[in-house]
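Heads up, the thing below is written out as structure tokens.
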Amino acid sequence: MEPAISVVIPLWNEERNVTPLYERLSSVMQRLDRSYEVIFVDDGSRDGTLPLLRKMSADDSRVKVVRLVRNFGQHPAVTAGFHQARGRVIVTLDGDLQNPPEEIPKLLDKLEEGYDVVAGCRTYRDDPLSRRVPSAIVNWLIGRMTGVKLRDYGCMLRAYRCEVIELLDQCGEANKFITALVSWLGVSIAEVDVFHEARSAGKSKYNYLKLLRMNFDLITGFSILPIQFVSLVGFLLAVVGFAAGFFLLAWRLVYGSGPTGLTSFLAVLFVLFGIQLMALGLIGEYVARTFIGVQGRPYYLVKEIIGGNTGPSGGHADSLEADGRPQPGATAGESSLPSRPGHG
């Protein structure tokens with residue numbers, strides 16, 4: 001039978017958090033008195049996370065473990081969990097316990113009001129200022145790119161109706177930024193305030209470089225605004241350049257000589273070169289994304305599925321055995337998107 005709720009949790013080196021997370025989540029889900037399943041996606045962990053997940057799956061038939069061949073990142077890992085989920089409602093949750101599982105009932109109650117997606121909003125982030133400020137900038141940027149004004153785009157604690165996940169499956173981007181895609185789909189989205197806890201164990205997987213890469217993927221994947229902005233800057237500089245040229249010509253005609261200076265010339269030259277290089281970099285980014293899309297590589301690769309319903313996986317992942325060989329029926333490089341199990 002299909003469970004009412006599927007909880008998808010991506011994990012990467014969360015050995016110290018996965019056991020208390022499972023215990024707290026199980027307690028919450030049992031109090032809800034609804035059928036459920038928990039899908040842990042091991043995103044290439046190199047610590048003791050996987051053995052703990054194996055034990056949980058052996059002890060609890062509601063636990064399924066999707067093991068990826070390597071670390072693909074949070075969004076591919078979540079997508080892998082989506083393709084294995086069979087519930088009518090899919091809840092996503094971080095594996096670091098900063099999003100308390102006890103807040104899940106709030107999302108489900110809001111979803112019953114008729115919304116398609118309910119996102120958690122961290123009313124108070126128990127993070128240092130050095131992390132909150134970049135996140136605030138990202139929230140503003142995503143809002144400008146997508147046109148949807150959510151207060152907190154970075155909170156992983158969310159609830160989706162299965163129909164929304166099926167719509168996401170039809171999006172063929174090589175890099176899927178789930179938050180922006182959901183906004184682009186035009187579904188009804190609501191936010192609820194949720195509590196946020198400090199990380200009690202392990203290290204954060206996000207750094208400034210990953211944040212910058214995520215922003216670049218977002219900008220180049222969902223908007224042509226950067227190209228338009230550079231074009232506008234180039235046009236304005238051209239206007240300024242022509243105006244300066246006419247000014248210098250008039251000065252020379254009136255006074256017989258014009259201002260000179262190698263330093264000023266070099267400064268202007270460096271500014272123009274910098275803008276040109278930035279424009280070329282942006283154009284190269286768009287070309288590179290097109291190249292990656294044409295290659296048709298899968299968004300993620302599954303090495304092993306443990307426990308739960310280990311039937312055929314939904315989605316365009318390749319199922320691999322523990323030794324890395326394709327299982328019967330799995331095709332390396334397959335890029336089709338069959339229907340998710342339990343939903344058509």
(message) I need the full set of residues from the range 29-46 which are closer than 22 Å to ASP109 by Cα and open to solvent by 20 Å² or more (accessible area, probe 1.4 Å), in order please.
(response) GLN30, ARG31, LEU32, ASP33, ARG34, SER35
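Scan the range 68-75 and give yes if some residue there is farther than 24 Å from TYR300 by Cα, in a loop (DSSP other than H, G, I, E, B) and polar (S, T, N, Q), otherwise no.
As a first pass, look at the range 68-75 and keep what is farther than 24 Å from TYR300 by Cα: none.
Looking for residues that are farther than 24 Å from TYR300 by Cα, in a loop (DSSP other than H, G, I, E, B) and polar (S, T, N, Q), one finds none in the range 68-75, hence no.
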(message) Under 9 Å between Cβ atoms, which residue pairs at least 6 apart in sequence (or on different chains) link something in the range 52-69 that is touching a residue at least 40 places away in the same chain (Cβ under 8 Å) with a partner that is among the basic types (Lys, Arg) and part of a helix (DSSP H, G or I)?
(response) VAL65/ARG54
(request) Among the numbered conditions (1) without any contact (Cβ under 8 Å) to a residue 60 or more places away in the chain; (2) crowded, with 22+ Cβ neighbours inside 10 Å; (3) assigned to a helix (DSSP H, G or I); (4) not β-branched (Val, Ile, Thr), tell me where PHE82 comes up short. (result) (1)
(message) Checking the condition modelled with pLDDT of 95 or more and more than 18 Å from TRP12 (Cα to Cα), which residue from VAL118, VAL89, VAL65 passes?
(response) VAL89
(message) For the structure I just gave you, tell me whether ARG16 is at pLDDT below 95, loosely packed, with under 15 Cβ neighbours inside 10 Å and among the basic types (Lys, Arg).
(response) no
(message) Among the residues that make up the range 29-41, is at least one of them of a type in the set (D, E, K, R), closer than 25 Å to HIS196 by Cα and assigned to a strand (DSSP E or B)?
(response) yes
(message) Pairs please, first residue from the range 2-19 and without any contact (Cβ under 8 Å) to a residue 12 or more places away in the chain and closer than 15 Å to ARG54 by Cα, second anywhere and surrounded by 20 or more Cβ atoms within 10 Å (Cβ to Cβ) and basic (Lys, Arg), Cβ atoms under 8 Å, 6+ apart in sequence or on different chains.
(response) none
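For the structure I just gave you, tell me whether SER26 is open to solvent by 20 Å² or more (accessible area, probe 1.4 Å) and either of a type in the set (S, T, N, Q) or modelled with pLDDT under 95 (or both). Write out each step before concluding.
Numbers: open to solvent by 20 Å² or more (accessible area, probe 1.4 Å): no; either of a type in the set (S, T, N, Q) or modelled with pLDDT under 95 (or both): yes.
No, not satisfied.
The values are calculated or read from the model by the stated rules, or taken from the named source; none is laboratory data. Bear in mind the structure is a predicted one, so any value in this text is a computation, not a measurement. As a convention, Cβ positions derive from the backbone with ideal geometry for all residues, glycine included, and neighbour counts pool all protein chains shown. These area figures cover heavy atoms from the full protein model, side chains too; ligands, DNA and RNA do not enter into them. Shrake-Rupley method; radii C 1.70, N 1.55, O 1.52, S 1.80 Å.
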